[in-house]
Amino acid sequence: MSKFKINTVSEAYKPENQTEPSFLIDPSLNSKSKNDAKNTKLYIKPKAIKQIFEHISWGQTTTDNVVEQGGVLLGKVFFDEKKNLMYGVVEEALAGKQAKGSSAYLEMNHEVWKEMLDEFDAILDKDEDKPQNKQLQMIGWYHTHPNNLSVFMSGTDMGTQQRFFSNDWQYAIIFNPHKQIWKSFVGNEAVECAGMIVKE
């Protein structure tokens, strides 16, 4: 039986109160987002960025990454009351390996979602004895705009965000693996927010 349900977990989840840590950041890999959502940040941990970069062949051109690719972001979201700041921390990423992409479109059908949810269940089962991983949530999704495309939320992307990731604590990231640029967005309206990659 699946431990993760998009609707029930999303409705029940609320960011925990926690002071923002002093992460060591790699400034050369920060997102190109305008910081329109000034009270929100997104941090991507080394394990997650490695998983994403391997999936999308960051900095290379391959037969797989000339079409759109995508997956989901697992982690936690926190609220720093003192700073009035919400911040997401991406711990892991799950690739939608069977997603069908073209140079301008990505389709993640029921089979793709099932594959990713099954993988998420396996992580939860494996990490049941690790309190830090016990409460991992699906805090957003990522996908690519390959070749010469810029990184922005298209109408189709907005539809995905509003259908599956509409909570104010859920994020979207768009990468262009060829130009090596990316942007992060947050909430139902996908407002651009600061995105940072945490160093080892």
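Values in this text are rule-based calculations from the coordinates and carry no lab data. Because the structure is a prediction, the values reported are computed rather than measured. Cβ sites come from the backbone with ideal geometry, for glycine too, and all protein chains shown count toward neighbours.
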**Message:** Between the stretch 175-200 and the stretch 64-100, how far is it from one alpha carbon centroid to the other, in angstrom?
**Reply:** 9
**Message:** Assuming 0.36 nm per residue, please report the length gained on full extension of the stretch Ser28 to Lys179 beyond their Cα-Cα distance.
**Reply:** 53.0 nm
**Request:** Among Asn30, Asn167, Asn84, determine the one that fluctuates most according to a GNM of the chain built with springs between C-alpha atoms less than 10 Å apart.
**Result:** Asn84
**Request:** In whole Hz, with x marking every Gly and Pro, tabulate ³J(HN,Hα) for the stretch 177-187 from phi via Karplus 6.51 cos²θ - 1.76 cosθ + 1.60, θ = phi - 60°.
**Result:** x, 7, 7, 6, 10, 7, 9, 10, 9, 9, x
**Item:** Positive dipole terminus of the chain, leading residue within Pro46, Trp141, Met108 (C-beta point charges)
**Value:** Pro46
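Distance check, please: which entries in Lys41/Lys114; Lys45/Lys199; Lys47/Lys82; Lys179/Lys199; Lys34/Lys76 exceed 18 angstrom between their Cα atoms? List each step's numbers first, then the result.
On the way: Lys41/Lys114 29 Å; Lys45/Lys199 7 Å; Lys47/Lys82 29 Å; Lys179/Lys199 21 Å; Lys34/Lys76 23 Å.
Among Lys41/Lys114; Lys45/Lys199; Lys47/Lys82; Lys179/Lys199; Lys34/Lys76, the Cα-Cα distance tops 18 Å for Lys41/Lys114; Lys47/Lys82; Lys179/Lys199; Lys34/Lys76.
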**Asked** Whose amide H sits under 5 Å from the amide H of His145, counting only residues 5 or more places off or on another chain, with H placed in the peptide plane?
**Response** Phe175, Asn176
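Stretch Ala122-Met158 to full length: gain in nm at 0.36 nm per residue minus the Cα-Cα span?
On the way: separation 36, 0.36 × 36 = 12.96 nm, distance 2.91 nm.
Length gained between Ala122 and Met158: 10.0 nm.
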**Item:** Label-point separation, Ser166 to Glu20 (7 Å along Cα→Cβ), nm
**Value:** 2.9
**Summed side-chain charge close to Glu20 - residues other than Glu20 whose Cβ falls under 15 Å, Lys, Arg +1, Asp, Glu -1** = +3
**Request:** Note down the magnitude of the dipole of the chain about its Cα centre, charges +1 on Lys and Arg C-beta and -1 on Asp and Glu C-beta and zero elsewhere, to the nearest 20 debye.
**Result:** 440
**Asked** Once both labels are modelled 7 Å past Cα along the beta-carbon direction, what's the Lys97-Glu111 spacing in nm?
**Response** 1.4
**Message:** Can you compute log10 of I(q)/I(0) for the chain with the Debye formula, treating each Cα as one identical point scatterer, at q = 0.14, 0.18 Å⁻¹?
**Reply:** -0.77, -1.34
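Taking 8 Å as the Cα distance limit and 6 or more residues as the minimum spacing, I'd like the relative contact order of the chain as a percentage. If you can, show how the numbers build up before the last one.
Numbers: 431 pairs, mean separation 63.5, N = 200.
It comes to 32 percent, rounded to a whole number.
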**Item:** Residues Glu189 and Thr62, FRET efficiency given R0 of 30 Å [Cβ-Cβ distance, rounded to 0.05]
**Value:** 0.35
**Message:** With θ taken as phi - 60° and the coefficients 6.51, -1.76 and 1.60, list the Karplus ³J(HN,Hα) couplings across the stretch 26-31 in order, rounded to whole Hz; mark glycine and proline as x.
**Reply:** 8, x, 5, 10, 4, 5
